[in-house]
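See structure below.
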Amino acid sequence: MIDKIISGDVTSIVSYFSPEIFRDKNVLITGGAGFIGSYLCETLVQLGATVVCLDNFSTGLTENIDHLFSKKNFQLITGDVSKYENREKLDYIFHFASRASPDDYQLYPVETLLANSQGSYRLLEQARKDDSIILFASSSEIYGNPDVVPTPEDYLGKVSSIGPRSCYVEGKKFSEALFMAYHRKYGLDSRIIRIFNTYGPRLRGDGLYGRVLSRFILQALGGKDLTVYGDGSQTRSFCYVTDLIQGILLAISNGKVNGEVINLGSPSEITIMDSAMKLMEIVGRKLNISFYPLPEDDPKRRCPEIRKVKELLNWEPRVNLEEGLKKTFEWFNRRV
Ligand code: UDP
């Protein structure tokens with residue numbers, strides 16, 4: 001059964017779109033059992049699309065999508081995107097399959113590179129055959145440790161091609177180049193979004209998969225210290241999942257994004273220490289903090305310049321960190 005916070009979230013996204021856009025369209029979502037992918041599946045099923053979710057469950061979870069199995073317009077294919085075989089004609093392809101947590105992808109660097117190279121290639125070939133619109137989930141990570149913050153799309157990136165995060169970054173960069181190559185060479189309608197830190201229900205907080213806010217929430221609920229890496233002065237900008245999904249669906253449904261790359265993320269930059277404090281306000285008590293070494297290659301600041309997406313799509317996030325964190329905390333609280 002779908003949780004009431006998530007169903008409220010999905011209803012708010014669905015209400016934003018006219019049902020004609022996606023009704024009866026054949027859609028493939030790779031990584032559809034993951035955090036962002038499963039919100040996309042849910043929303044597009046409700047908007048009347050015929051949704052195929054492809055996932056190898058390396059980080060995705062069946063529980064994110066199992067309530068969709070009873071829907072006539074939803075189908076799951078368990079498999080790896082790097083071995084993807086062409087299927088029936090697709091109108092829209094969303095390529096979201098990839099490990100995304102730094103600790104996790106560093107343990108699976110080859111798989112991460114393949115999902116973001118071989119996987120992209122196979123999907124682009126299908127898109128070329130079908131004349132589909134194809135969207136790639138790239139990442140703020142391609143800016144590396146930027147000198148320009150907020151970072152615009154034309155910033156070239158300050159990244160290591162051999163560091164521990166390179167398997168993710170270089171995979172994302174290769175895919176961006178391949179998407180642009182198909183656009184230039186074959187006139188394919190390919191679109192690239194660079195996603196900045198996103199959070200909400202279903203963001204994994206466990207073990208190697210855990211991202212900072214969901215880890216903090218699980219630590220708070222488990223009576224453990226919050227683990228801050230470094231001195232906590234590094235920054236991130238956290239976007240609530242409904243805002244991101246709305247941006248993604250605008251990006252795939254608006255022709256202005258054909259052949260473009262856009263940042264999608266929150267322009268409100270916050271230190272990791274201040275985000276720990278925000279959580280304490282929501283929990284309503286002081287929590288202990290334990291400090292750990294800052295991981296190698298950890299970007300010092302990260303915040304998107306969102307002027308381009310505002311101009312193209314009239315999009316900007318609406319949910320502030322207090323509101324989004326409260327919902328996310330409530331969701332985790334009901335599950336532990
Ligand atoms: N971080 C932290 N404690 C944790 C997990 C992460 O202080 O338990 C920090 C991490 O060093 C980084 C930021 O929080 O600076 C965001 O980490 P995350 O793994 O969520 O994603 P990233 O933005 O690095 O891809």
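The values are calculated or read from the model by the stated rules, or taken from the named source; none is laboratory data. This is a predicted model, so every value here is computed, not measured. Cβ atoms come from the backbone with ideal geometry, glycine included; neighbour counts cover every protein chain shown. Surface accessibility is based on the protein's heavy atoms, side chains included, excluding ligands, DNA and RNA. Shrake-Rupley method; radii C 1.70, N 1.55, O 1.52, S 1.80 Å.
What the table shows:
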{"quantity": "Conditions (1) of a type in the set (G, A, S); (2) in a loop (DSSP other than H, G, I, E, B); (3) farther than 22 Å from P295 by Cβ; number of the one not met by A181", "calculated": "(2)"}
{"quantity": "Qualifying position, being touching a strand residue (DSSP E or B) at 6+ places or on another chain (Cβ under 7 Å) and at pLDDT below 95, among G163, G157", "calculated": "G157"}
{"quantity": "Hey, I306 under 24 Å from I21 (Cα atoms), aliphatic (A, V, I, L, M) and more than 16 Å from the ligand (Cβ to nearest atom) or not", "calculated": "no"}
{"quantity": "Residues of the range 232-271 classified as over 26 Å from S38 (Cβ atoms) and either in contact with a His (Cβ under 6 Å, 6 or more places away or on another chain) or within 10 Å of the ligand (Cβ to nearest atom) (or both), total", "calculated": "6"}
{"quantity": "Selection within the range 222-231 - touching a strand residue (DSSP E or B) at 6+ places or on another chain (Cβ under 9 Å) and either of a type in the set (D, E) or away from the ligand (no atom under 12 Å from the Cβ) (or both)", "calculated": "D225, D231"}
{"quantity": "Search result, residues across the range 213-236 that are closer than 23 Å to P150 by Cβ, surrounded by fewer than 21 Cβ atoms within 10 Å (Cβ to Cβ) and either of a type in the set (A, V, I, L, M) or out of contact with any Leu (no Cβ under 9 Å at 6 or more places or on another chain) (or both)", "calculated": "G232, S233, T235"}
{"quantity": "In the range 51-102, residue nearest to the chain's Cα centre (by Cα) [restricted to those that are of a type in the set (K, R) and surrounded by fewer than 23 Cβ atoms within 10 Å (Cβ to Cβ)]", "calculated": "K83"}
{"quantity": "Cβ-Cβ under 7 Å pairs, at least 6 apart or on other chains, the range 287-313 side free of Cβ contacts under 8 Å to residues at least 60 places away in the same chain, far side away from the ligand (no atom under 13 Å from the Cβ) and of a type in the set (K, R)", "calculated": "L312/K256"}
{"quantity": "Boolean, F94 is among the aromatic types (F, W, Y) and part of a strand (DSSP E or B)", "calculated": "yes"}
{"quantity": "Top-ranked residue of the range 237-259 - restricted to ones that are out of contact with any helix residue (DSSP H, G or I) (no Cβ under 7 Å at 6 or more places or on another chain) and open to solvent by 10 Å² or more (accessible area, probe 1.4 Å), ranked as nearest to R23 (Cα to Cα)", "calculated": "G255"}
{"quantity": "Test: residue in the range 175-182 that is among the charged types (D, E, K, R), within 15 Å of V336 (Cα to Cα) and open to solvent by 10 Å² or more (accessible area, probe 1.4 Å)", "calculated": "no"}
{"quantity": "Residue check, V169 within 15 Å of the ligand (Cβ to nearest atom) and open to solvent by 40 Å² or more (accessible area, probe 1.4 Å)", "calculated": "no"}
{"quantity": "Residue match in the range 142-159 (condition: open to solvent by 20 Å² or more (accessible area, probe 1.4 Å) and within 12 Å of the ligand (Cβ to nearest atom))", "calculated": "yes"}
{"quantity": "Verdict on S132 being at pLDDT 95 or above and more than 16 Å from the ligand (Cβ to nearest atom)", "calculated": "yes"}
{"quantity": "Given (1) among the hydroxyl-bearing types (S, T, Y); (2) away from the ligand (no atom under 13 Å from the Cβ); (3) within 30 Å of K326 (Cα to Cα), index of the condition S190 fails", "calculated": "(3)"}
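For (1) at pLDDT 95 or above; (2) over 21 Å from I195 (Cα atoms); (3) in contact with a Pro (Cβ under 9 Å, 6 or more places away or on another chain), each residue gets a yes or a no:
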residue	(1), (2), (3)
C239	yes, no, yes
L264	yes, no, yes
A276	yes, yes, no
M280	yes, yes, no
R301	yes, no, yes
P304	yes, no, yes
V309	yes, no, no
W315	yes, no, no
